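*Asks:* Supplied in structure tokens, the structure appears directly below.
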Amino acid sequence: MRQKLHVIQKSLREECGVVGVSGLEGAAQLAFLGLYALQHRGQEAAGILAVDDDGEYRIHKGVGLVADAIKQEDIADFRGRTAIGHARYSTFGESELRNAQPALVSYRKGKLALSHNGNLTNAAVLRTQLVEEGAIFQSTMDSEVIVHLIARSQLDDPDDQVLEALNQVEGAFSLIILINDTLYVACDPKGFRPLVLGRLGPGIIVASETCALDLLGADYIRDVEPGEVLKICDAKIDALPRLAPTVPAHCIFELVYFARPDTRLWGCSVDAARRAFGRQLAKEHPADADCVFSVPDSSNSAALGYSVETGLPLELALIRNHYVGRTFIQPDQSDRDFRVRVKYNAVREVLEGQRVVMVDDSLVRGTTSRGLVAMLREAGAKEIHFRIASPPIRHPCFYGIDMPTKEELIASRLEVEDIREHLRVDSLGYLSLEGMKDAVKEHGPFCDACFTGSYPTPLTDLERGHVATARR
Ligand code: AMP
């Protein structure tokens, strides 16, 4: 059972960015730019699909960063005013192209394509049923289940087919489905992952985050709300009946780490949320020190908040190499400290003889921080006070954030004092759960399952002992 659980958890580590364009010439090129802004959400593969006014579909998918996966010449002759795109990230297993999205099939109503961000929690159960009924799956993505549910629906109208399919899936989905030239845009009833609508001239842009709208020069209209299903044809938006209403549970880890700080999520500036986390952290865990600095870049805003609250000067003590590709480190260089040194270096002039506060947004396995602490000591830091701008992560995520297995999460094995010792820091302080939630209380309610183990939906696959093959 232990082994099985391990496999399930591993296979569920996925994060993604999605984009959709309706009613704009050059839709594929706009989708490319949108994906470029969403690069942080998915670095393993990217794809774009466009449909022109004659109903001709063009699709291109590749592995790697958006600009490597999709060259301008790959989409130069993609015409039409409708397009969808996807950037995929998965640290585990298959990076093959067959798991890259958009997924595209032909079915009895025409063409059907899909871009999905999130993770379904009953995909394995549904997949088993579908396979027993004769379905042939082409990938290991959980999203393919949705494609089959739509294609096998007994209903006739694509609107009803989409609704019927979405009412059967559980878990997290921010989805852009394309049927012929119509976009269906949907968010699961909990609203785990972000999805926003924007207007650009006569057209509509849908994207995971507002930073994509900014790059395209589109005006933000509003978020796609939890449980909402919208139909967008030639930039005209119609609302379809909502999915089963329930209390929302936005992923708070989007605010802690995942989203870009220049994005607004659920009415909240990500940068402002992180600063508030940093200020609260300073109130809960002040330190007698000379300066504070971030582990760039994800904790920059939190460190600023900490500095403002404590009055400690904000320093730049760690420099990050932004050009480290995911494939740069070879397996024989798996030494963790080396990995950390490739990505970060310490500024001796800032650190020598100083009592410092290092702020990070989260502690996952603890391997990065251990390497960083060794580096800071080498550079002459006298005291290191480590502050984490989120609570201890003790539970895996089943809704689409890349987290290791429970056993690999340092806070699921060790108490705070033991973690402090393990990291060899002089003091360690985590932001409290109450402090974190209080800082963003107007923007929730939130899913905090990675901190509390309280999952807001049934975990059907896990409960039924299915080994999910779902990957996206
Ligand atoms: P670790 O060494 O595993 O404790 O990694 C902690 C660092 O990973 C922190 O600096 C975070 O900014 C970053 N981090 C947190 N969550 C994730 C994630 N889901 N994927 C990649 N990096 C993450």
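*Asks:* Somewhere in segment 403-421, is a residue in contact with a strand residue (DSSP E or B) (Cβ under 9 Å, 6 or more places away or on another chain), assigned to a loop (DSSP other than H, G, I, E, B) and either among the hydroxyl-bearing types (Ser, Thr, Tyr) or modelled with pLDDT of 95 or more (or both)?
*Replies:* no
*Asks:* Does residue 150 qualify as being outside any helix (DSSP H, G or I) and either under 20 Å from residue 231 (Cα atoms) or β-branched (Val, Ile, Thr) (or both)?
*Replies:* For residue 150, the condition - outside any helix (DSSP H, G or I) and either under 20 Å from residue 231 (Cα atoms) or β-branched (Val, Ile, Thr) (or both) - is not met.
*Asks:* Also: What residue, among those in segment 351-365 that are surrounded by 18 or more Cβ atoms within 10 Å (Cβ to Cβ) and more than 9 Å from the ligand (Cβ to nearest atom), is farthest from residue 309 (Cα to Cα)?
*Replies:* Among them, the one singled out is 351.
*Asks:* Name the pairs whose Cβ atoms lie under 7 Å apart, with the first residue in segment 268-295 and surrounded by fewer than 18 Cβ atoms within 10 Å (Cβ to Cβ), the second in a helix (DSSP H, G or I), and 6 or more positions between them or separate chains?
*Replies:* 283/309; 284/435; 286/310
*Asks:* Residues in segment 212-231: is at least one assigned to a loop (DSSP other than H, G, I, E, B), buried (at least 20 other Cβ atoms within 10 Å of the Cβ) and under 16 Å from the mean Cα position of the chain (by Cα)?
*Replies:* no
*Asks:* Oh, and also: Can you tell me which residue is nearest to residue 421 (Cα to Cα) among those in segment 344-376 that are in contact (Cβ under 8 Å) with a residue 12 or more places away in the chain and more than 33 Å from the chain's Cα centre (by Cα)?
*Replies:* Per the stated criteria, the residue is 355.
*Asks:* Now for a different question. Could you please find all residues in segment 239-262 being within 19 Å of residue 191 (Cα to Cα) and away from the ligand (no atom under 16 Å from the Cβ)?
*Replies:* 239, 240, 241, 242, 243, 244, 245, 246, 247, 248, 249, 250
*Asks:* Looking at (1) touching a residue at least 24 places away in the same chain (Cβ under 8 Å); (2) among the hydrophobic types (A, V, I, L, M, F, W, C); (3) surrounded by fewer than 21 Cβ atoms within 10 Å (Cβ to Cβ); (4) within 15 Å of the ligand (Cβ to nearest atom), which is the only condition residue 397 fails?
*Replies:* (3)
*Asks:* Inside segment 131-146, can you point out the residues that are assigned to a helix (DSSP H, G or I) and crowded, with 18+ Cβ neighbours inside 10 Å?
*Replies:* Those that are assigned to a helix (DSSP H, G or I) and crowded, with 18+ Cβ neighbours inside 10 Å: 144, 145, 146.
*Asks:* Still on this structure, please answer the following. On the given criteria, is residue 197 in a strand (DSSP E or B) and of a type outside the set (Val, Ile, Thr)?
*Replies:* It is true that residue 197 is in a strand (DSSP E or B) and of a type outside the set (Val, Ile, Thr).
*Asks:* Shifting gears a bit: Considering only segment 282-312, state which residues are over 24 Å from the mean Cα position of the chain (by Cα), within 16 Å of the ligand (Cβ to nearest atom) and assigned to a helix (DSSP H, G or I).
*Replies:* Selection gives 306 alone.
*Asks:* I've got another one for you. Taking residue 322 and the conditions (1) surrounded by 14 or more Cβ atoms within 10 Å (Cβ to Cβ); (2) part of a loop (DSSP other than H, G, I, E, B), which numbered condition does it fall short on, given that it satisfies the others?
*Replies:* Here residue 322 clears every test but (1).
*Asks:* On to the next question. Which residues, counting only those in segment 415-433, are touching a Leu at 6+ places or on another chain (Cβ under 9 Å), surrounded by 15 or more Cβ atoms within 10 Å (Cβ to Cβ) and among the charged types (D, E, K, R)?
*Replies:* 420
*Asks:* If I filter segment 366-379 for residues that are more than 16 Å from the ligand (Cβ to nearest atom), in a helix (DSSP H, G or I) and either in contact with a Gly (Cβ under 9 Å, 6 or more places away or on another chain) or modelled with pLDDT of 95 or more (or both), do I get at least one hit?
*Replies:* Yes, there is a match, as at least one residue in segment 366-379 is more than 16 Å from the ligand (Cβ to nearest atom), in a helix (DSSP H, G or I) and either in contact with a Gly (Cβ under 9 Å, 6 or more places away or on another chain) or modelled with pLDDT of 95 or more (or both).
The values are calculated or read from the model by the stated rules, or taken from the named source; none is laboratory data. Everything numeric in this text was worked out from a predicted model, so none of it was measured. Using ideal geometry, Cβ is built from the backbone for each residue, glycine included, and neighbour counts are taken over all protein chains shown.
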